[in-house]
Structures are given as structure tokens and as C-alpha cells.
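Everything below concerns the one structure shown next.
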Amino acid sequence: MSDAGSRADVVGLVGLGLVGTALGRRLDAAGIAVLGYDRQADARRAWTRAGGRLADTPRELGERCRRVVLAVFDTAGVLQVVEGPEGLLSGKCTTQSIIDCSTGDPQLLQALSERMASRSIDFIEAPLSGASTQIAAGAATMLLGGDAGAIARHTPLLDVLAPERIHVGGAGMGARAKLATNLVLGLNRAALAEGLVLAEKLGIAPALFLQLVLATPARSDAALAKGTKMISGDFEPHSRIRQHVKDLQLMLAAARTVGQRLPLTEVHTALLQAAVAAGDGDLDNAAIVRQLRRETF
């Protein structure tokens, strides 16, 4: 990572997990100095081992960085980082823009955007559709929610974070779009895993089954991205089951507010909650196949 003390315009980065580290690599490759923060000691150690510079608190980032990128677990974390004790706003804040790459609660993010506007801080929702490997490669799609003028002002930084972007509307719409697209993605993974388990039970070799899927209309990006991991049992996380459970709960909550039932997502949620209970929460989402293998009569 580049030395955050060597250039004046340092970008703050909160959240140094899979997504945050991928974004940090993109910033560093573009020659942008980064100052990171994470509340987890393991994430901080990994960041510094890679040569990254650390702040002690989000407050320090607020005092040193005009631009801050968030890649935290959920909206509760976003609110804590921005408005909590020792948060970005708690000191002599110089931050002019916050780009939130987490997947969160649309209503809470919309309200936060309004509070930031009252302080003349641009708040841009920027959740990313894609695994951490895709984010690092610039192959993920960013779903933008926020003021068009603010987005235009920060185009150079957004270009670095994700060349592929879709502006879906005002504050709150980025989260809504991410939840709806993640619903489809997650069910694609679940369907692939369920078909793979059935094929195994029927005597079809997993590698042959994946070949069949990829050669038929059953083909999907989920099969391309996760099929080999399911077959090989390599569940090193590019995205985690625990994270997707959080997203599923947000989907169900959002659907309840508009009176819509999501029966497939309800089943999917139960499967992944069972996977977490079985100890698979920090494995890659491809490990849903392990839970489906446990679903026997």
C-alpha cells in the first residue's frame, strides 16, 4: 500500500475486510494514498502487513480526509462510524464526501443522507454487485444512490473504485437496488447447489453436472463463479455466508414494508441460517452446498 503520509489528499477507508481490502488495492494501484481503519484487530494486522497505514479512530479520518469510503458490515456500523462517539463527525471534521459501499437499510441511509446534506457533506450510496475478487479486478458493478450533482463531483474517485456503475436514483435507492439484485444472485447460487446435490445423489459426477449446466440454458454467472468452488470444496471466502444472511434479512424487511411475501427468499434464509448454526458462516457463499448436503430425510 502507498504511504498515506506522502501525499496531501488522503482517502479514508473504513472497513478492511474482503471488500475494503479490494477497494484499498484499487485506490493504491491508482496512486491514491489511503488511510485505513477497522475495529477488528485481525483486519488491522492484515492491513499493516500489506503495507497499509492505519488511523486510530474514524474521528482521525474525519479530521484528516476530505473523502472517506465505507465498507462496513451493516447500516448500524455506518451510523456508528459516521455519527457515533469517536466517529467521523465527532472532531474537527474536514470530510466533504462519504461514499458508502456497504449493503444497508434503505430508509436509514436515506435519513443519514439528509443529515449529511445539512452539513454540506455529500453522501453517496455505492454498494457493489460482485465478489471481492471481482471488485479488486474492477469487474463489479456499483449501484449508485444519491444526488446526481454529488455523483458527478466525485466521478474521478468513483472511476477508480468501480468503472462499471449504474445510477438508480436518490438516497436509499442504491440499497434497494442492491437488495433486489442480491436476491436473484443468491437464489442462483442456491439453485446451483441444490441441483449439484441432486445430481450427486442420482449418480452424476459433480464435474460432469457443472459441464452440463454450463452447456445448457441452466447456465448462469453464479455457476461460472461458484461451480468450481462447490465441486472442489474450496470455500476460502470471496463473500461470506454470514454477510448474505444479513442481506436476506434486509430483503425480507424491505418486502414487508411494501406488503410483498418472498417465499423463495424465506427458504433461502432458513438454509443459510442453518449453515451459520453449523459453523459455516465465515465460509464462501458457495458453501451453501454443504448445508444442502445436510438436508436429508
Next item on the list: Taking only Cα atoms and a 10 Å spring cutoff, compute GNM fluctuations for the chain and point out the largest among ALA255, ALA55, ALA22.
Entry: ALA255
Item checked: Under 12 Å from LYS178, Cα to Cα: aspartates and glutamates that are on another chain or at least 8 residues apart -> ASP105, GLU125, ASP247
Next item on the list: Using only alpha carbon positions, build the gyration tensor of the stretch 157-297, then give the equivalent ellipsoid semi-axes as the square roots of 5 times its eigenvalues, largest first, whole angstrom.
Entry: 27, 19, 15
Next item on the list: Show the residues, 5+ positions off or on another chain, whose built amide H is closer than 5 Å to the amide H of LEU283.
Entry: ILE241, ARG242
Notebook entry, point to check: Carbon and sulfur atoms: what percent of the 1.4 Å accessible area of the stretch 81-170 do they account for?
Noted result: 50 percent
Margin query: Taking the 0 to 90 degree range and rounding to the nearest ten, how far is the long axis of helix 106-117 tilted relative to the main principal axis of the chain, both from C-alpha atoms?
Written below: 10 degrees
Checklist line | In the stretch 27-114, the GluC sites (Glu not before Pro) that fall in loop regions by DSSP, at most 11 other Cβ within 10 Å | finding: none
Notebook entry, point to check: Summing +1 for each Lys or Arg and -1 for each Asp or Glu, what net charge is found among the other residues whose Cβ lies under 14 Å from the Cβ of THR181?
Noted result: 0
Notebook entry, point to check: Taking a label point 7 Å from the Cα of THR216 along the Cα→Cβ vector, which residues of the stretch 185-207 have an amide N closer than 18 Å to it?
Noted result: 188-207
Note to self: Based only on Cα atoms, what mean projected area does the convex hull of the chain have, in nm²?
What the structure shows: 16.1 nm²
Next item on the list: Would you mind counting up the charge near ALA287? Only other residues with Cβ under 15 Å from its Cβ, with Lys and Arg at +1 and Asp and Glu at -1.
Entry: +1
Margin query: Could you derive backbone 3J(HN,Hα) for the stretch 37-53 from the dihedral phi with the Karplus parameters 6.51, -1.76 and 1.60 (θ = phi - 60°), listing whole Hz in sequence and x where the residue is Gly or Pro?
Written below: 8, 8, 6, 8, 4, 4, 5, 5, 4, 4, 5, 5, 4, 7, x, x, 9
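Rg over Rh of the stretch 170-214, using C-alpha atoms and the Kirkwood radius, what does it come to?
1.28
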Check: If you keep only loop residues by DSSP, which trypsin sites (Lys or Arg not before Pro) in the stretch 236-297 have at most 14 other Cβ atoms within 10 Å of their Cβ?
Finding: ARG261
Next item on the list: With r as the distance between the Cβ atoms of LYS92 and ALA180 and R0 = 30 Å, compute the FRET efficiency 1/(1 + (r/R0)^6) and round to 0.05.
Entry: 0.15
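Show me the trypsin sites (Lys or Arg not before Pro) within the stretch 95-170 that DSSP assigns to loop and that have at most 12 other Cβ atoms within 10 Å of their Cβ.
In loop regions of the stretch 95-170 (DSSP not H, G, I, E or B), the sparsely surrounded trypsin sites (Lys or Arg not before Pro) are ARG119.
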Notebook entry, point to check: Tally Lys/Arg at +1 and Asp/Glu at -1 over every other residue whose Cβ is under 13 Å from the Cβ of ILE99; what's the total?
Noted result: 0
Item checked: Calculated FRET efficiency for the pair ASP147/ALA30, C-beta based, R₀ 25 Å, to 0.05 -> 0.55
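Stretched out fully, how many nm does the piece from GLU83 to THR155 gain, at 0.36 nm a residue minus the Cα gap?
Numbers: separation 72, 0.36 × 72 = 25.92 nm, distance 2.54 nm.
That works out to 23.4 nm of additional length.
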Notebook entry, point to check: Could you give the nm distance between label points at ALA270 and ARG44, where each point is 7 Å from its Cα heading toward the beta carbon?
Noted result: 4.2 nm
Next item on the list: Rounded to the nearest 10 degrees, what's the angle between the helix 263-277 long axis and the longest principal axis of the chain, both from Cα atoms, 0 to 90?
Entry: 80 degrees
Margin query: Can you divide the C-alpha Rg of the stretch 229-297 by 2.2 N^0.38 Å and report the result to two decimal places?
Written below: 1.17
Item checked: Label-reachable residues, the stretch 254-276, where backbone N falls under 12 Å from a point 7 Å from GLU295's Cα toward its Cβ -> 264-275
Next item on the list: Find the centroid of the Cα atoms in the stretch 219-273 and in the stretch 52-123, then give the distance between the two in whole Å.
Entry: 27 Å
Next item on the list: Would you mind checking which residues have amide H under 5 Å from VAL69's amide H? H placed 1.01 Å from N; only 5 or more apart, or other chain.
Entry: GLY12, LEU13, VAL14, ILE99
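Suppose R0 equals 45 Å; then what is the FRET efficiency for ASP56 and ALA253 from their Cβ-Cβ distance, rounded to the nearest 0.05?
Efficiency for this residue pair is about 0.85.
The values are calculated or read from the model by the stated rules, or taken from the named source; none is laboratory data. Note that this is a predicted model, so its numbers are computed, not measured. All Cβ positions, even for glycine, are placed from backbone atoms using ideal geometry, and neighbour counts span all protein chains on display. Ligands, DNA and RNA are excluded from the accessible area calculation, which covers all protein heavy atoms including side chains. Shrake-Rupley method; radii C 1.70, N 1.55, O 1.52, S 1.80 Å.
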